[in-house]
Amino acid sequence: MDVEKYATRIASLNTMEDVRNFRANADAAGRDELVALCDERLVQLGQIVRKAGRLDRGIECAPGSVEDFILRSHERYEAVRSAQKGQKFTASRTWQMFQRHGIVGTCERVVGRPEYSAGFAALVKAGEWASAWEVIVLAFPDHFSGKACAFAHQLIHEHVPDTEIEAAIRAMRAEAAAFRAHDIAADLTKQFAQKLKRFARVEVRLHQAAFREAVYRACNGKCVISNCDVPEALKAAHLAGRKWRDGHNTSSDGILLRRDLHSLYDAGLIAICDGVVQLDSRLGGHYQQFDGILVDIQSEPSSS
């Protein structure tokens, strides 16, 4: 079996135990690429389990948010205490505080006191101080009071060297940034798909549908001249010398234009020469803002 088939198999594993067993076998066989896939699957399953547990308690937050880091730290504390006690441990009072004071508010109340918290002590003892609330406060100080930041700084520096603290803070911030970047990319992809769907709903001849979609994608859903991205206002135009009847229906055979610009382009009142927009004098000053702008297209059409 190749890596792709293994990836499908790993993705179908639905329990942590199954993934860990698969990982152990892959590690023993020296298959580092499969070990990496197993680690990714463990992260996915962990997120699913955490989300389900939080929803049961009526608590929800975005992955990679400050609230998410706080909850993950608390869940890790419960796991550490469960291992120490040899039975499941739940810090019910803290969950109640989350409901009463909010997630960030609870962290503020606990860290904003000079005393050691049970969570901090347990995580330090287990060697997992890097996930403690105090580190979260230092990593995202804008969410907390100056008092909480001061106590967090004092407490964590009593147990951990500066360089290690700085590394933990950088790692936490990098993870949060990665989540934000992923969310932004996913949101942009979703928006583009929605606009493409709107663009495709405009009635056209059947043979033109594939051409229109190809041009829309190639131009990133924007008029190459005006940058208009309203799907209902856009049309796909064939470049000079290219016609659908001759089979010129690929993305490189056209450009996306706003409907009024498309009409002017068809009429020869707008041309694009050497990547520069040129206006016919008959347009007067109505479209002067587009005269001379640079257009990024694969060809240099003069009419459609």
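The values are calculated or read from the model by the stated rules, or taken from the named source; none is laboratory data. Note that the structure is predicted; figures quoted are calculated from it, not measured. For neighbour counting, all protein chains shown are included, and Cβ atoms are generated from backbone atoms with ideal geometry for every residue, glycine included. Calculation scope for accessible area: heavy atoms of the full protein, side chains included, ligands and nucleic acids excluded. Shrake-Rupley method; radii C 1.70, N 1.55, O 1.52, S 1.80 Å.
Check cross-link reach from Lys51 to the aspartates and glutamates: straight Cα distance under 12 Å, and skip same-chain residues fewer than eight apart. Those aspartates and glutamates meeting the cut-off are Glu60, Asp68, Glu75.
Among the trypsin sites (Lys or Arg not before Pro) found in segment 53-97, those both in a DSSP coil and sparsely packed, with 10 or fewer other Cβ atoms within 10 Å of their Cβ, are Lys88.
Straight-line reach from Lys197: taking Cα to Cα under 19 Å and skipping same-chain neighbours fewer than 8 places apart, the lysines in range are Lys222, Lys235.
For segment 221-228, putting each phi into the Karplus relation 6.51 cos²θ - 1.76 cosθ + 1.60 with θ = phi - 60° gives couplings of x, 10, 4, 5, 9, 9, 6, 4 Hz, in residue order, rounded to whole numbers and with x for Gly and Pro. The portion of the accessible surface of the chain made up by carbon and sulfur, rounded to a whole percent, is 50 (1.4 Å probe; DNA, RNA and ligands excluded).
Protection proxy ranking for 132-139, 220-227, 166-173, 190-197, using the average of other Cβ atoms within 10 Å per residue and placing the highest first: 132-139, 220-227, 166-173, 190-197. Placing R0 at 35 angstrom, the Cβ-Cβ distance between Ala62 and Lys5 gives a FRET efficiency of 0.55 after rounding to 0.05. For the peptides 211-219, 156-164, the ranking by mean Cβ contacts within 10 Å, running from highest to lowest, is 211-219, 156-164.
Largest first and in whole Å, the equivalent-ellipsoid semi-axes of the chain read 56, 26, 17, each the square root of five times a Cα gyration tensor eigenvalue.
Across segment 18-33, computed HN-Hα scalar couplings (Karplus, 6.51 cos²θ - 1.76 cosθ + 1.60, θ = phi - 60°) run 4, 5, 5, 5, 4, 4, 4, 5, 5, 5, 5, 8, x, 8, 4, 5 Hz from first to last residue, x flagging Gly and Pro.
Per residue, the accessible area of the chain comes to 57 Å² when a 1.4 Å probe rolls over the protein heavy atoms.
Between the alpha-carbon centers of segment 154-185 and segment 216-240, tell me the distance in whole angstrom. When both Cα centres are located, 42 Å separates them.
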